[in-house]
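Please treat every number below as a calculation from the coordinates, not as lab data. Only a predicted model underlies this, so the values are computations on that prediction, with no experimental measurement involved. So basically every Cβ, Gly included, is an ideal-geometry build from the backbone, and we count neighbours across all protein chains shown.
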Amino acid sequence: MSSKHVMRGMIGFYIFLFFLYLFGPLLVMSVTAFNTSSYPQAIPFESFTLDWYVKLWNHRAMMEGLWNSVVIGLGVVAVSVPVGLAASILMNQIYHRARGVFYLVTVSPVLTPGVIIGISTVIFWKDVFGVTDVTKTLFYKGVILSILGQSSFIAAYCLLIIMARLQRFDRAQEEAALDLGASFPQVF
């Protein structure tokens, strides 16, 4: 057996362990979700059931949390994508010297820990707009604040993804559209 075969076997074993580490907990939880035992466990598998999903569906707090997560997720997408798109178009069109500073400011939330962003969001809205009692305002239960805080983070990722695509875009297509009589919104 040559060293090439040994190296290939070791790399294959490493990749196997890596994917086992990533997907092992998902496999265990998948088996656990359909087991009839009184306590969620994968081994020993007693029999197939959907009771855990019925209990989840009937658990009011869990369903309210799931609904809040969906609302926050949709709100973050609705805010982050347009902000990231606008920032990437602006970054693609500003002067080269200003581009570095603008890039630093817009990408800094990616480098900031989430706890700091959350605390800063609450302090900012409290100090600037006087939002102190969140149960009597538009910021009820913190859903709006969560959307704004998450959007400041996710918009930076949208900026990076869209900017990478815009850098490969041929500007001659825009010029051709303008030459053919298209307006700027039509070119966009």
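Numbers below:
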{"read-out": "C-alpha center-to-center spacing [region 171-188, region 1-51] in angstrom", "value": "54 Å"}
{"read-out": "Packing-based exposure ordering (other Cβ within 10 Å, fewest first) of L145, L159", "value": "L145, L159"}
{"read-out": "Per-bin percent of Cα-Cα distances, region 3-57 [10 Å]", "value": "22, 32, 20, 16, 9, 1"}
{"read-out": "Exposure proxy ranking, count of Cβ atoms within 10 Å, fewest first, for K126, K4", "value": "K4, K126"}
{"read-out": "Degrees between helix 143-167 axis and first principal axis of the chain (Cα, 0 to 90, nearest 10)", "value": "70 degrees"}
{"read-out": "Proportion of all alpha-carbon pairs of the chain beyond 26 Å (%)", "value": "62 percent"}
{"read-out": "Estimated 222 nm signal from helices in the chain, with DSSP H stretches of n ≥ 4 weighted -39500 (n - 2.57), rounded to 500", "value": "-25500 deg cm²/dmol"}
{"read-out": "Top positive-direction residue, dipole computed over the chain with Cβ charges, set I11, F23, I154", "value": "I11"}
